[in-house]
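The block underneath contains the structure these notes are about, expressed in structure tokens.
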Amino acid sequence: MTVAEALRSGGIEPREARLLLAAATGFSEAAVLAFPERALPAEAEARFADFTGRRRRGEPVAYILGRQEFYGLPLTVNPSVLIPRPETELLVELALQRDFSSVVDLGTGSGALALAIKKHRPNARVVAVEASAAALEVAKRNGIALGLEIEWRHGLWFGPFGREEKAERFDLVVSNPPYVAAGDPHLAELRFEPLKALVSGTDGLDAIREVVSAAPAHLADGAWLLLEHGIGQDLAVRNLLGQAGLEEVRTWPDLAGIPRVSGARR
Ligand code: GLN
């Protein structure tokens, strides 16, 4: 089978077929485009057939390849972490517009937010918390591969940072917590990703409520809390931020114009 025949045989989108064929053959994507008549070795053909079969059954390309780019960083991913989304890059941009010498990323997953921030603020202390041990392994591996030093903590939200007088405070807190409502039909499309990274109670706001209510004890004076949320949740999240006694409550839209991040400061 030739490259051109393989690309036509997959029954998947042309761009994805090129990516998967490059991964299956070890050819560059440019070579896949430039040499359609090249013959595929039998093992590469079998690997490509496996990849396209998985893709047709709905598995995300990022899991098939084991990687996803986020904010220009190549990250390793597997089904124990949420695949970093382009809309989450807004949270990185908002973080980098602020002054901070310490920042914590709650529910870091693959490490995406913490690593992107550290890349651009090498002198900041960057701490990342994750409740899933399997996800934390992926995040740590990404940190090593990228040569970025993060303080990784195993735990839930602000759990690792003590309470009351002993509470540890930060100059900035960011989080992309689970925010999909249990029973949301949209979950069918997300069935390959970890439910714990996606779903948070009947209205999708359980994790956000928990983070917001504990935040004032962990924010330094003037420190911002920035949270990603879903479509239609911005008003509820702003209300929670206000009820927690935080100030300058506001929401920012993502590139699609969807209210995507809300935040406030102490
Ligand atoms: N943005 C994801 C989706 O709905 C959800 C991610 C999350 O819950 N943090 O596709």
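Values in this text are rule-based calculations from the coordinates and carry no lab data. Given the structure is predicted, the values throughout are model-derived calculations rather than measurements. Glycine also receives a Cβ, built like all others from the backbone with ideal geometry; neighbour counts cover every protein chain displayed.
General observations
- Of all residues in segment 10-25, those that are in a loop (DSSP other than H, G, I, E, B) have Cβ atoms under 8 Å from Cβ atoms of residues that are among the hydroxyl-bearing types (S, T, Y), 6 or more apart or on another chain, in G10/T52; G11/T52; I12/T52.
- For L33, the requirement of being of a type outside the set (G, A, S) and in a helix (DSSP H, G or I) is met.
- R163 under 15 Å from L113 (Cα atoms) and basic (K, R): no
- Number of positions in segment 154-207 that are near the ligand (Cβ under 10 Å from one of its atoms), part of a helix (DSSP H, G or I) and surrounded by 19 or more Cβ atoms within 10 Å (Cβ to Cβ): 2
- All positions within segment 208-236 that are assigned to a helix (DSSP H, G or I), farther than 13 Å from N176 by Cβ and touching a residue at least 24 places away in the same chain (Cβ under 8 Å): R209, E210, V212, S213, A214, A215, P216, A217, H218, D234, A236
- In segment 256-263, the condition of being more than 15 Å from the ligand (Cβ to nearest atom), under 19 Å from G107 (Cα atoms), in contact (Cβ under 8 Å) with a residue 12 or more places away in the chain and more than 20 Å from the chain's Cα centre (by Cα) is met by no residue.
- Selection count, segment 35-70, where residues are loosely packed, with under 13 Cβ neighbours inside 10 Å and touching a residue at least 60 places away in the same chain (Cβ under 8 Å): 1
- Taking the criterion of being surrounded by fewer than 21 Cβ atoms within 10 Å (Cβ to Cβ), within 16 Å of the ligand (Cβ to nearest atom) and within 17 Å of W152 (Cβ to Cβ), the only residue of segment 71-127 that qualifies is S80.
- Meets criteria (aliphatic (A, V, I, L, M), buried (at least 23 other Cβ atoms within 10 Å of the Cβ) and outside any strand (DSSP E or B)) for V261: no
- Pick from segment 224-253, criterion of a type in the set (D, E) and surrounded by 18 or more Cβ atoms within 10 Å (Cβ to Cβ), ranking: nearest to the chain's Cα centre (by Cα): E228
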